[in-house]
Amino acid sequence: MAMQARLAGKRALITGGGAGLGAQMARRFHEEGAEVLVNDLRLETAEAVAKEVGGSALAADVSDSGAVREMFERVGREFGRLDVLVNNAGINKQGFMPNVTEADWDEIMDVNLKGPFLCSQEVFPIMEKQQSGRIINIASVSGLYGGPKTIHYAVSKAGLITMTQVFARYGAEHNIHVNAIAPGIIETDLTRDELRSGGGGVVVEMTLLKRPGQVEDVSSAAVFLASDSQNYMTGQTISPNGGSYFTR
Ligand code: NAD
């Protein structure tokens, strides 16, 4: 546990917590004293990380309303309180606009945009009852700068940034703060191929720092937003992105 545990006594659910940024957030939250509930598509994936952080695993596809409802019913039944929801589960598919199929479009929107909506809608009654809570949406710089070229992904993340603002309006009177993190390119399974190929290099070139970010750069922002060390931020998007200025 960190010297000054910033999330002591808090319980957090992280969607897509079985890999990449979500798994790192689970580790950091645990180090900061939180109890972590790890969601992922497959139980084994969630269980591996849950075991590592002494938390619990919850399998559910965040784009499936029935599965999401069941997951939050279980949270209410078994745990009662939930202080933090991190809507992190997300997918990307490289592809330029003319090649994006209807199926690709629907899949990206279902996971990246509908998923956070369904999870937030379900967590609201729990947090309203407590009259406190934090929701953190993992967006992307693509949602801020219209790019670079994956239109369905960028639009889903722009939608998530707007959703953050609207949920912040609903949450305000109940002391539920809703914020987003819009990371630039971070080294994870999602981006490893992109970074190896020319595409990722272009994105790195467009940062001021000329390097991809690391998972810790995102998890430290998430700890900040989840902790009580700040209590006046809601409806905002913070962007660890190495100084990204997308000009192409
Ligand atoms: P990742 O592929 O390494 O991990 C994503 C996890 O989410 C996986 O464990 C996967 O099984 C899970 N998942 C996928 N679909 C799901 C679903 N329908 N229901 C439940 N779980 C599901 O990806 P990552 O790089 O860690 O990305 C995490 C989030 O951060 C995503 O929302 C992504 O868009 C966003 N993001 C990543 C980067 C980056 O550079 N890596 C940059 C900006 C934003």
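Tabulated data
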item: Point-charge dipole on Cβ atoms (K/R +1, D/E -1) for the chain, about Cα centre, debye to 20; result: 560 debye
item: Relative intensity, log₁₀ I(q)/I(0), of region 69-117 from a Debye sum that treats every alpha carbon as a point, q = 0.18, 0.27, 0.30 Å⁻¹; result: -0.68, -1.03, -1.12
item: Carbon + sulfur, % of accessible area of region 1-123 - ligands and nucleic acids excluded, 1.4 Å; result: 50 percent
item: Cα extents of the chain along the three principal axes, largest first (Å); result: 47, 41, 37
item: 13 Å reach of a label modelled at residue 91, 7 Å along Cα-to-Cβ, counting backbone N of region 139-179; result: 153
item: Proximal aspartates and glutamates relative to residue 51, as straight alpha-carbon distance under 19 Å, when same-chain residues fewer than 8 apart are discounted; result: 31, 32, 35, 40, 78
item: Percent of alpha-carbon pairs separated by more than 27 Å within region 104-248; result: 23 percent
item: Sites matching chymotrypsin sites (Phe, Trp or Tyr not before Pro) across region 37-126 that sit in DSSP coil, with at most 13 neighbouring C-beta atoms within 10 Å; result: 96
item: Charge dipole (debye, nearest 20) of region 9-101; +1 at Cβ of Lys and Arg, -1 at Cβ of Asp and Glu; result: 140 debye
item: Ranking by accessible area, most exposed first, for 101, 191 with a 1.4 Å probe; result: 101, 191
item: Accessible area in square angstrom per residue, the chain, 1.4 angstrom probe; result: 47 Å²
item: Extreme residue, positive dipole direction of the chain, given options 179, 154, 89 (C-beta unit charges); result: 179
item: Calculated on alpha-carbon atoms, Rg and Dmax of region 15-108 in Å; result: 14.9, 47
item: Qualifying trypsin sites (Lys or Arg not before Pro) for region 9-64 [loop in DSSP, other Cβ within 10 Å: at most 16]; result: 42
item: Accessible surface of region 175-240 [probe 1.4 Å, protein heavy atoms]: carbon and sulfur percent; result: 53 percent
item: Label-reachable residues, region 111-138, where backbone N falls under 17 Å from a point 7 Å from residue 169's Cα toward its Cβ; result: 117, 121
item: Spin-label model distance (nm) - residue 70 vs residue 44, 7 Å beyond Cα toward Cβ; result: 1.9 nm
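The values are calculated or read from the model by the stated rules, or taken from the named source; none is laboratory data. Note that the coordinates shown come from a computational prediction; the quantities given were computed from them, not determined experimentally. Neighbour counts are summed over all protein chains in view; Cβ atoms, including those assigned to glycine, are modelled from backbone coordinates with ideal geometry. Accessible surface areas use protein heavy atoms only, side chains included; no ligands, DNA or RNA. Shrake-Rupley method; radii C 1.70, N 1.55, O 1.52, S 1.80 Å.
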